1. For Ala90 and Met263, compute 0.36 nm times the residue count separating them, minus their Cα-Cα distance, and round to one decimal in nm.
2. Can you give the charge dipole size of the chain about its Cα centre, rounded to the nearest 20 debye, using +1 on the beta carbon of Lys and Arg and -1 on the beta carbon of Asp and Glu?
3. State the dimensionless ratio Rg/Rh of the range 140-273 (Rg: radius of gyration of Cα atoms; Rh: Kirkwood radius).
4. Considering only protein heavy atoms, what is the solvent-accessible area of Glu204 at a probe of 1.4 Å, reported in Å² to the nearest 10?
5. Where both residues lie in the chain, what percent of DSSP beta bridges are antiparallel, nearest 5?
6. What is the packing order of peptides 10-20, 236-246, 129-139, taking the mean over residues of other C-beta atoms within 10 Å and listing the highest first?
7. Need the list of lysines near Lys221 for cross-linking: C-alpha distance under 22 angstrom, and skip anything on the same chain fewer than eight residues off.
8. Highest first, please rank the peptides 116-126, 39-49 by the mean number of other Cβ atoms sitting within 10 Å of their residues.
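The values are calculated or read from the model by the stated rules, or taken from the named source; none is laboratory data. Nothing here was measured: the structure is a model prediction, and the numbers come from that model. Here Cβ is always computed from backbone atoms with ideal geometry, including for glycine, and neighbour counts include all displayed protein chains. Ligands, DNA and RNA are excluded from the accessible area calculation, which covers all protein heavy atoms including side chains. Shrake-Rupley method; radii C 1.70, N 1.55, O 1.52, S 1.80 Å.
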Amino acid sequence: MPETSSTTETAYADGRILMHAEGGVGVITFNNPDKRNAMSLEMWDGFGAALTALRDDAAVRVVILRGAGGKAFVSGADISQFEATRHNAAASEDYAKRSAAQRALLAAYPKPTIACIQGFCLGGGLQVAMLADIRIAAHGSQFGIPAARLGIAYGYEGLRNLVSLVGPSWARLLMYTGMRIESAEALRIGLVERVIPDDLLWGETMAIAESIAQNAPLAIKAAKITIAEVLQDESRRDMDAIKAIGDACMDSEDFREGRKAFMEKRRPQFSGR
Ligand code: COA
């Protein structure tokens, strides 16, 4: 296992975003349960700060995103702030830029990320979940994008990810109706990767995170970079980056350790070098 980093919780946005790390696994908690973890602008900023701290912590190898309170992952943007911050196109510029800047950190995150979803995962909450590498959901969760019920547009980034996960027809059905779907349907259409009974969700998500944390970080980075390039338009695909990370793996201490451990019939100890 990688060196254990701090297990003490760090709070951002007056405690509405919490962050800690345990055994190579970083955890960010959306913690506004009274509002079903609706995201205020301050929470978006805090989310970005927590992502940055875990990104820069060398002991952290994988990050889990989750919601507090058992009823929601994130129920979307905090609608009570809309009158002050998003009542028209000009007013929403700052909100859009600040929240997009934090999501961009997640989109370009160099470490694997997992969204652990229990309860409502709506609007901007689904946008965050879709930016994670993997989505694990509890049975009783609900997914939706109620933008058409509010009269707002969901934006390019969110819809690109939605279409790439569920295809254009399901994206249209979800967007035109603003309907909510349950976990079983989300699983069937490819919106989440695995559905787990509510009481087992955290343990199963941690088990996946720990298995990632024990594997070779450069090999995982190679997979992450290459899959992202597969999704790029061919004209913008960076084959040199794929080659560079492939070479870095072949020349790594971890590849030597992986081979040696196999021959010696023991578990490898990877350093990320
Ligand atoms: N923004 C602000 N407040 C929200 C919120 C949001 N996105 N989602 C929930 N809340 C608040 C509710 O206003 C309510 O506050 P109150 O206790 O002061 O009345 C509290 O959270 C609990 O919500 P409630 O609706 O009573 O709980 P529920 O379990 O019956 O339903 C939701 C939960 C999430 C389905 C429902 O609150 C909802 O539809 N929220 C809006 C979702 C949305 O449109 N998101 C997209 C925003 S872009």
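1. My answer for the length gained is 56.0 nm.
2. So the magnitude is around 480 debye.
3. Here the Rg-to-Rh quotient is 1.09.
4. 80
5. Among the beta bridges of the chain, antiparallel pairing accounts for roughly 35 percent.
6. Descending mean neighbour count gives 129-139, 10-20, 236-246.
7. Correct list for Lys221: Lys111, Lys243, Lys260.
8. Going from most to least packed, we get 116-126, 39-49.
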